[in-house]
Structures are given as C-alpha cells and as structure tokens.
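Sharing a structure with you now.
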Amino acid sequence: MLLAVDIGNTQTVLGLFEGAELRHTWRLASDVARTRDEVGAIVTHLFLEAERQGQSSFVVNQMVIASVVPALTRTWIELAQNMSCLKGVRKPLIVDSAIARHYSRNIVNPAEIGADRIANAIAARMLYGAPAIVVDFGTATNIDVIDSQGYYIGGIISPGIQASANALFSSAARLPAVDLELPEYTLGTTTKAAVQSGLLRGEAAKVDALIWALRQENPILARPGIAVVATGGLASRILQATTQITHHDPDLTLKGLYLIAVLQIEGQARGRTEEQVRGPRP
C-alpha cells in the first residue's frame, strides 16, 4: 500500500492507497512540537482503527511526501524508518525542487513552488485535462494554472478564509468570532451574518474575479470547458457562492501525490537513472 502525506502549515493530510483506490484519509494538526514517537503513536492508532473497520492488516511499502514544514518532513522520514507498519518503505519519495522543475516551466525559481501545488497540477492534468485551474482553499488560498501541455506555469497566493478571519477578529475588538458558514444572503442584517458574508462571499467574489482576470490575460484559459477544480479543507464552505469553479475534488492533492509516485515507479521500471526518473514530462 502507498501512504501519501501532505504536510501543510495548519494540517497534515494522510491518504492510504491500495492500488489506485484511496481507501482512507485522515487529518492531523501540523504540530512541530510533537516528537517522532508521538506522531508515530497517532498514526498507529489511525491504522488500527482502519483495520477494525474492515480493512485487513496491512503494511505500507511506499510513501510519498509533500511538505511545506521542513521539521515535520524529517519527522515523517524517521517514522518510515522506525514504524513496524512502514517497514516496507525503504526511502520515502519527497516531492522536491527537482520534481517541481520537471513539471513546471517559465518559473524563475522552481524551489519556491510548494510541493502541494505541483501535486495539484499533476492531478488536475491527469484527471480533468489541460489546461486547467486549481483553487486550493487552505491556510492560504492558492490558485494554480496548468497550461495546455500540462505544466504548472504560475499562480496566485492570497490569505485563506481562516487567516482572514483570525486577522479580523484579533484587530476588531467588538466583532465576535463567528462560525465560517455561508450566509443565505449577501446583505447581512446581523453582525454575525455581515461578518460571514464578508469572509465567505467575499472570498468567493475574490476567487471569481482573479480567475476572470487570469482568463483575460491567458487566452488558453478562456476556452470553453476548461476545468476549474476546487480543493482544500475550506472549499466546501463557499462552493455555492462561486461562479467560476466547475469541479470539487477534496482529495486532489493526495491523488496528485499518488500519481507522482506511480510516475516515479514506472520510470524506475524502465531502467532510467535517478535524475531521469524525477518524473516523465507530460
């Protein structure tokens, strides 16, 4: 089985694949204060719970990691070397700048590209076609653009919904913290509804406007039928308020990590060198 690990600033998302089927997903807090043993105990518990739910005992023999938190990357590499259920993992595949360089173009410094953005780009190309746009609603709201040949060519980074909410509540003492739920109407007749409208409908309007601007600047994105795929933990909160998003795939990043691992394995099976199997070009 393959374990995909997407380590973000706020959450770490795990996906357990059996073949191409995503069998289980879990979300953990991305807490750098946790020791390797603490994280290992949590993962062991999650695996045991999955087995009790009907999955027979399993051993993970492949692991692929996308991370924006270097300290946690090291923790997961150590886990692969020490946990009994991960003993089959000789060396986790890390989605690094070399892989990013292979799947991107016209990027000044590929090392700056978040590994999750490369995973999103690959999954969007292979599952929804290219060109495509991905909107990832996480700690930041990332918009990624994939050209007609399947390369990541750039994107947009803006504060995410929760980050905007935290900034608002900490700066405005009289505004109460509210649940991040989409209000029925844009016009808020209570303070709670007004804040929810600004945060959630405002986020939807921002994303729609940015996608519209991308379409104006890039004629290939203005073609009919271009997929605009929403993913990320907060995507479901605003889907009803957007006009540009065409698909919702909450597991897009995990699927992209799985596809990267498959491409690497296929390259190795053809006897390519380590540099050549960084991933075949689209």
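The values are calculated or read from the model by the stated rules, or taken from the named source; none is laboratory data. Bear in mind the structure is a predicted one, so any value in this text is a computation, not a measurement. Because the Cβ atoms are built from the backbone with ideal geometry, glycine has one as well, and the counts that use them run over all protein chains shown. Heavy atoms of the whole protein, side chains included, go into the accessibility calculation; ligands, DNA and RNA do not. Shrake-Rupley method; radii C 1.70, N 1.55, O 1.52, S 1.80 Å.
Sort out for me the helices (runs of 4 or more DSSP H) sitting completely within the stretch 140-244 that have 1 or more residues that are touching a helix residue (DSSP H, G or I) at 6+ places or on another chain (Cβ under 6 Å) and free of Cβ contacts under 8 Å to residues at least 24 places away in the same chain.
202-217
Can you name the condition, by its number, that THR44 falls short on among (1) open to solvent by 80 Å² or more (accessible area, probe 1.4 Å); (2) touching a Cys at 6+ places or on another chain (Cβ under 9 Å)?
That leaves (1) as the condition not met.
Next up: Taking the options ARG117, ARG74, ARG125, name whichever one is assigned to a helix (DSSP H, G or I), closer than 17 Å to ILE153 by Cα and free of Cβ contacts under 8 Å to residues at least 60 places away in the same chain.
ARG117
Related question: Go through the stretch 230-245 and give me each residue that's open to solvent by 20 Å² or more (accessible area, probe 1.4 Å) and either more than 21 Å from GLU184 (Cα to Cα) or within 10 Å of the chain's Cα centre (by Cα) (or both).
Listed by number, the list holds a single entry, GLY233.
Yes/no matrix, rows are residues, columns are (1) open to solvent by 40 Å² or more (accessible area, probe 1.4 Å); (2) under 19 Å from GLN264 (Cβ atoms); (3) out of contact with any helix residue (DSSP H, G or I) (no Cβ under 6 Å at 6 or more places or on another chain):
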residue: MET1; (1), (2), (3): no, yes, yes
residue: ILE7; (1), (2), (3): no, yes, no
residue: THR12; (1), (2), (3): no, no, yes
residue: LEU16; (1), (2), (3): no, yes, yes
residue: ARG23; (1), (2), (3): yes, no, yes
residue: ARG27; (1), (2), (3): yes, no, yes
residue: ALA50; (1), (2), (3): no, no, yes
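Starting from residues that are among the hydroxyl-bearing types (Ser, Thr, Tyr) and outside any loop (DSSP other than H, G, I, E, B), keep the ones in the stretch 77-114 and report whichever is farthest from the chain's Cα centre (by Cα). Steps first, please.
Filtering the stretch 77-114 for residues among the hydroxyl-bearing types (Ser, Thr, Tyr) gives 84, 97, 103-104.
Filter once more, keeping what is outside any loop (DSSP other than H, G, I, E, B): 84, 97, 104.
Details: SER84: 27, SER97: 17, SER104: 17 Å.
Filtering the stretch 77-114 for residues that are among the hydroxyl-bearing types (Ser, Thr, Tyr) and outside any loop (DSSP other than H, G, I, E, B), the one farthest from the chain's Cα centre (by Cα) comes out as SER84.
Among what's in the stretch 128-139 and is closer than 30 Å to THR191 by Cα and in a loop (DSSP other than H, G, I, E, B), pick the residue that is modelled with the lowest pLDDT.
Going residue by residue through the stretch 128-139, those that are closer than 30 Å to THR191 by Cα are 135-139.
The next check asks that each one be in a loop (DSSP other than H, G, I, E, B); those that pass are 138-139.
Working: GLY138: 90, THR139: 87.
Applying the filter and picking the extreme gives THR139.
On to the next question. Could you list, ordered by first residue, the pairs with Cβ atoms under 8 Å in which the first is in the stretch 250-273 and within 23 Å of VAL135 (Cα to Cα) and open to solvent by less than 40 Å² (accessible area, probe 1.4 Å) and the second is in a loop (DSSP other than H, G, I, E, B) and modelled with pLDDT under 70, at least 6 apart or interchain?
Cβ pairs passing all conditions: ILE260/GLY279.
Based on what the data block shows, is LEU234 out of contact with any Lys or Arg (no Cβ under 9 Å at 6 or more places or on another chain), within 24 Å of ALA119 (Cβ to Cβ) and not hydroxyl-bearing (Ser, Thr, Tyr)? Give the derivation first.
Working: out of contact with any Lys or Arg (no Cβ under 9 Å at 6 or more places or on another chain): yes; within 24 Å of ALA119 (Cβ to Cβ): yes; not hydroxyl-bearing (Ser, Thr, Tyr): yes.
So LEU234 fits the description; yes.
Okay, moving on. When SER164 is evaluated against the numbered criteria (1) surrounded by 20 or more Cβ atoms within 10 Å (Cβ to Cβ); (2) within 19 Å of ALA204 (Cβ to Cβ), which criterion, by number, is the only one it fails?
Looking at each condition in turn, SER164 falls short on (1).
Output yes when any residue across the stretch 96-108 is touching an Asp or Glu at 6+ places or on another chain (Cβ under 9 Å) and open to solvent by less than 10 Å² (accessible area, probe 1.4 Å), and no when none is.
The answer is yes, given that some residue of the stretch 96-108 is touching an Asp or Glu at 6+ places or on another chain (Cβ under 9 Å) and open to solvent by less than 10 Å² (accessible area, probe 1.4 Å).
Next question, about the same structure. Considering ILE94, ILE99, ILE107, which residue is in contact (Cβ under 8 Å) with a residue 24 or more places away in the chain and touching a helix residue (DSSP H, G or I) at 6+ places or on another chain (Cβ under 6 Å)?
One residue alone meets the criteria, ILE99.
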